[in-house]
1. Expressed as a fraction of 2.2 N^0.38 Å, the rule-of-thumb size for a compact globular protein of N residues, what is the C-alpha radius of gyration of the stretch C:15-78?
2. Work out, in µm²/s and without decimals, the Stokes-Einstein translational diffusion coefficient of the stretch C:10-130 at 25 °C, 0.890 mPa s, Rh from Kirkwood over C-alpha pairs.
3. Could you tell me, in Å, what Rg and Dmax come out for the Cα atoms of the stretch B:50-94?
4. Can you tell me the accessible area per residue over the stretch A:2-249, all protein chains present, probe 1.4 angstrom, in square angstrom?
5. Going by alpha carbons, how many degrees (0 to 90, nearest 10) lie between the helix axis of A:149-162 and the longest principal axis of chain A?
6. Compute the signed sum of charges (Lys and Arg +1, Asp and Glu -1) over the other residues within less than 13 Å, Cβ to Cβ, of A:Asp122.
7. Using a 1.4 Å probe and counting only protein heavy atoms, how much accessible surface gets buried when B and A come together, both sides summed, in Å² to the nearest 100?
8. Please determine, in degrees from 0 to 90 and to the nearest 10, the orientation of helix A:95-104 with respect to the longest principal axis defined by the Cα atoms of chain A, where the helix direction is its Cα long axis.
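The values are calculated or read from the model by the stated rules, or taken from the named source; none is laboratory data. Owing to the predicted nature of the structure, the values given are computational and were not obtained by experimental measurement. Note that each Cβ is placed from the backbone with ideal geometry, even for glycine, and that neighbours are counted across all protein chains shown. Areas reflect the complete protein model, heavy atoms only, side chains present, ligands, DNA and RNA absent. Shrake-Rupley method; radii C 1.70, N 1.55, O 1.52, S 1.80 Å.
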Amino acid sequence: MSILTLNNVHKHFGETPIICGVNLNIEEGERHAIIGPNGAGKSTLFHLISGKYPVTEGTISLRGQAIQNLPPYEIARRGLARSFQVTNIFPRLSVFENIRCGLLWKMGYGYSFWNLLGRQHDLNTAAHGILDQIGLSQRADYPAGELAYAQQRALELGIAIASGAEVIMLDEPVAGMSHSEAENAVALIRRVTEGKTLIMVEHDMSIVFGIADRISVLVYGELIACDTPSNIRSSEKVQEAYLGTVTADE
Amino acid sequence: MKKILTKSLVWIGYLAVLLLLPQFFDSILAVSLFNQMAIAIVFALSYNMLLGQGGMLSFGHAVYFGLGGFLAVHALLLIEFETVYFSIVYIPLLAGLVGLLAALFIGSFSTRKAGTVFAMISLGIGELLAASSLIFVSFFGGEAGVSGDRTYGPPLFGVEFFQGIEIYYLAAAWVFVATLFMYLFTQTPAGRMANAVRDNPERAEFIGYSARRVRYISFCASGFFAGIAGGLYALNYEFVTEETLNAVTSGRVLLMAYIGGLGYFIGPILGAVILTLMNSLLSNYTDLWMLYLGILFLLTVLFLPKGFAGFIMMHRVAWLQRRIRKLVLPYLATAIPAMVFMATCVLMLELSHIEDESISVLNMELSASSSSTWLGLLLIASTSMLVTRRTLPALREAWESANHVADEPESKS
Amino acid sequence: MFEVLVFATLNGLVTGLLLFMLASGLTLIFSMMGVLNFAHASFYMLGAYFAYSISLYLGFWPGLLIAPLLVGLLGALIERYGLRRVHQHGHVAELVFTFGLAFLIDEAVQFFWGPDTKNYQSPDVLDFPLFTLFGQEFSAYRGFMIGISVLIFIGLYRLLTRSRVGIIIQAAITHPHTVANLGHNVPLIFMAVFGVGSALAGVAGVIAGPVLTTFPGMATVLGSIVFVIVVIGGLGSLAGALIASLLIGLLQSYAIASNLGVADLLNLFGLEFSRDHLLTDLWTLTLPQIAPILPYLLLILVLIFRPTGLLGNREQ
Ligand SMILES: Nc1ncnc2c1ncn2[C@@H]1O[C@H](COP(=O)(O)OP(=O)(O)OP(=O)(O)O)[C@@H](O)[C@H]1O
Ligand SMILES: [Mg+2]
């Protein structure tokens, strides 16, 4: 059963079409990668799905329920979490608080102003658990804004997974990391998305082909292919439109 | 466990200070000063719920304070004319509810955005209400204001609230409770998410929280506590005018919170105490106290962006590392000439203000009309200024070495 | 009725254009630096006081020239040594700084000039009625005010759209980083714009001083209204500021000139209410009474329904 369905999704910024009629089915539990050249509209597609921008046309549904044009928090509450390409954390809160905030809604606290955070044993244990997972326990009390770049990326990921969402969308989670950091991050992503649906934008092909069950290729706002890694690798259309340009660049 | 213990000790200490203050300073003047401080503390803390914790810069926070105050005097009047009959002890709560009600209404449209839009709406509403209060004379009493009498209510354990000191204990109780609840609010999910929304409203929405709703909750809570402060004000002065809800009061609370330090819970408390003290002490000695206040404020914004609380916290590391003693001498070396400089400037301002009289300082008659006085003062001012500037680098160095922590080895590559 | 309308329009025009002189500087400063300068009206007040002091020795006309220059210089210095320093601490710090500055300038004015109203007079040359309509005189000085304001608007408009500097400024309004990357000295531009904006406020003060009286409260009177105009017009839009200034000027002027009240409105529907009632104030409300609150009402409505302002396209 597909958990996320995009049907003829369009997005224009003013007159400029950025996403032009994307159809996509993501199956429950699959690891799906979206690739494409710079400026293809991958992040924009993420923004449309997660509710940052309204769609110009088309429908998006999560578990059969239409979610297009809902505010981000509604979509998040329905079990879709995401990270951002540009680090997007709470800089003045401590690392621990960042994670704990990510957990709050899922654990049913809502807008409560009658529970004291310090007393919520389960919540705090869960937050420490996630800190352990992303390897930031040492830094728990640091202001998040003072972390090193790779650590901020890890925190970015941590906030996204804290919500315990079924669908996790990661926008270039390892971009800008050193090789070893990226390896750690990929292992972490594998571990924490076990049994969940992962949608990921990534430029590093070795990572993409290593992790993905299926790959979609987005070029100039159009989905030109959506298939298994081996088929994508051998597809001439993709070679031409995308992989070709990459090799030419390098 | 240890943390909880220290925290409880802090709160007990706070309560003790509140209760014991009038034992040490019991003049009428001192008690009236304490009353003002108590009111200012609640008001400034409530303001910081908006600005410091929620990132909402308000130029109209006096609205909730003033409405609470007006309701409170009207409640006093109702008690006086025996329409209702209850102890005035509860009036701050009533005033708080009025503040809450106003905030529920105004916040429903003003918290949609933070930033400039919020600031401008708050300014507009503040001005709107202040102007309207002069029109709706039957409730706001026009220019003259409304006055009441707090002694008509039923006495509480024989206390009739005739004297300032009785009001002080009432206020102290409310201040303690209000402070405690405002602190506890910061420790709840809603309070923590207010910080998160302040830092990054966009991300907050992607973890399930509507930034607007989070702001709205803080906004309402803040209105509630501002109303309580207004109620205490009315009980203390038994007299409320348009000034309690206009821009002057809104500006004053911003000043207090900012000077004290927005980033720290105790910042506004410090700010409220310092400013109230300055207000009443300075205004006794000089006509120019507003000018000094303005200068102090600008200097704080320029040189202590995190306020007094932030300044104190700058020494946390040095304190923990037991290196604070190394700072004493460098501080003195800078502070003494700086003080001399400031004192000379004050003297010159005062001299030029009270033309053709003279001031006696340290057994010297300084005449405003003699040029030698001015020359001398200018000389002292410029020398002390120079010395201050010369000693500053040394101070900075000392501070840096005292606050230096060896960064723990961590893979940062 | 007609004559009331004509005079209300003329007076509204004078006020509106005066407000525009303040608002134009403020909106320029805002759109470039993102700072809503609370002290803007204080510069206006300084302009009036400087011009007053100068007029005591040199007469009105030199004051018209020198006072704005002094105010502009002061503004530039404050930008350079104050605002730029707090800039690194963020927008709230900047706003709070200008807020404190307004407070300090108010106090300083009282310190130097005392708390009483100054007898700052319009020049004798302009002390004649420009024309007489329906037996009412319209003074030449008011005509002069309109003239100066229109001249400034045209000058500013041409400067911004025709000159090289103007084009750089316009670019810096929307894309400060790009402009900096092109090698222009953005901090210097900021300082200059702040200076010019303050000087404009100074001009407004110089010519408004004799009509609206020169006293320490004159900044407070206009301070928040100018804010309102800039926001209603749309942050960063000069044309919007002009429209909003005229709108507010006329609105207030008409409201003051009319003597309609709620009672009239109720009478229209054949309703009447007894005078002594808890809500008496509401039934006896008249338009002149609510004139001072109209701008704020408008502000709140605009912010709720169109947060970008009338002509603005930036939401802050
Ligand atoms: N808010 C916006 N307004 C106008 N144009 C936009 C906006 N956001 C993105 N764009 C444009 O849409 C196009 C797609 O951008 P997007 O960020 O989605 O690309 P991307 O595929 O994520 O690229 P990259 O690999 O560099 O992250 C780009 O040309 C960008 O300039
Ligand atoms: Mg992208």
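1. 1.19
2. Translational D for this selection: 154 µm²/s.
3. 14.6, 44
4. On the way: 10420 Å² over 248 residues.
Value for the stretch A:2-249: 42 Å² per residue.
5. 80 degrees
6. Once all neighbours under 13 Å are counted, the net charge is +3.
7. Buried: approximately 3200 Å² between A and B.
8. 80 degrees
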